[in-house]
Every structure is written in structure tokens, then in C-alpha cells.
Amino acid sequence: MSVKLVLLKSGEDIVTDVQEMVVGDKDNQKVVGYFFTKPCAVKMRTNKDEDKEKSFEISLFPWLPLSKDSKVPVINDWVITIVEPIDSLREMYEKDVLKNGKDS
């Protein structure tokens with residue numbers, strides 16, 4: 001499993017389990033896209049409470065919620081960058097999405 005935070009050309013932040021989509025033989029492979037497993041859009045809001053310090057609230061929403069597919073192909077032209085998510089985002093995604101809110 002490779003949970004990553006992906007920035008798309010559309011400006012969307014997606015947290016997902018990422019796998020490369022490659023073509024060609026072993027000696028001459030080329031990445032043409034990625035498979036996103038159970039992708040979720042990440043929304044971040046600023047909490048502005050006068051009594052507290054400025055903080056953020058992170059919410060996850062299914063990306064392509066009307067699709068039956070849990071594994072979505074995305075061409076590499078739409079991916080701006082792929083980075084490691086912060087620990088709290090990774091834990092939220094693994095617990096609430098990959099494990100469907102169930103503890104192991």
C-alpha cells in the first residue's frame with residue numbers, strides 16, 4: 001500500500017492508495033498514469049475561533065462518488081505532483097476509508 005497526497009491539474013487534492021500504470025517491457029517501461037484506489041478529495045477549512053489559535057479542520061469526501069469502481073485510472077498528464085501526506089491525514093484515510101471505520 002502506498003498512500004499519497006496527489007495534486008491534480010484541476011486543483012483538487014486527492015488522498016489515495018496510488019499504483020503506477022506502466023506500459024512496455026521490463027527494460028523499457030514508461031509510466032502513463034496511475035491507479036487511485038478509493039480516492040478521496042481533501043477539503044481543508046480554517047477554524048476562526050477568537051478563544052483558540054487558528055487551526056484547520058480536514059474533511060474527506062469520495063472522489064467520483066457516483067462510480068462503482070474503487071480503482072480509478074488517471075492519466076499522468078492530469079497529475080501535478082505526488083507527495084507524502086501528513087501523518088494525521090494518512091491515519092484518517094487508512095482508518096475511515098481503507099478500513100471503513102473498523103479497527104483491525
Taking only segment 12-31 into account, find how many residues are open to solvent by 50 Å² or more (accessible area, probe 1.4 Å) and among the aliphatic types (A, V, I, L, M).
2
From G11, G33, residue being at pLDDT 95 or above, more than 12 Å from the chain's Cα centre (by Cα), not in a strand (DSSP E or B) and not acidic (D, E):
G11
Verdict on K99 being basic (K, R) and at pLDDT 90 or above
no
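So that you can scan it fast, the table gives a plain yes or no per residue for (1) of a type in the set (A, V, I, L, M, F, W, C); (2) at pLDDT below 95:
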position	(1), (2)
N28	no, yes
K48	no, yes
D51	no, yes
W63	yes, no
T81	no, no
Pairing a residue in segment 1-26 that is closer than 14 Å to N76 by Cβ with any residue that is among the aliphatic types (A, V, I, L, M) and modelled with pLDDT under 95, where Cβ atoms lie under 9 Å and the two sit 6 or more apart in sequence or on different chains, gives E20/V31; M21/V31; V22/V31; V23/V31
Segment 57-69, subset exposed (fewer than 11 other Cβ atoms within 10 Å of the Cβ) and in contact with a Lys or Arg (Cβ under 7 Å, 6 or more places away or on another chain), residue farthest from I14 (Cα to Cα):
E57
Run N100 past the list (1) open to solvent by 70 Å² or more (accessible area, probe 1.4 Å); (2) of a type outside the set (D, E, K, R); (3) in contact (Cβ under 8 Å) with a residue 12 or more places away in the chain and report the number of the one that doesn't hold.
(3)
Filter segment 54-71 for residues that are without any contact (Cβ under 8 Å) to a residue 40 or more places away in the chain and part of a strand (DSSP E or B); the one that is nearest to F36 (Cα to Cα) is K71
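The values are calculated or read from the model by the stated rules, or taken from the named source; none is laboratory data. Owing to the predicted nature of the structure, the values given are computational and were not obtained by experimental measurement. We place every Cβ from the backbone using ideal geometry, glycine too, and count neighbours over all the protein chains shown. Remember, those area values only see protein heavy atoms, side chains included, never the ligands or the DNA or RNA. Shrake-Rupley method; radii C 1.70, N 1.55, O 1.52, S 1.80 Å.
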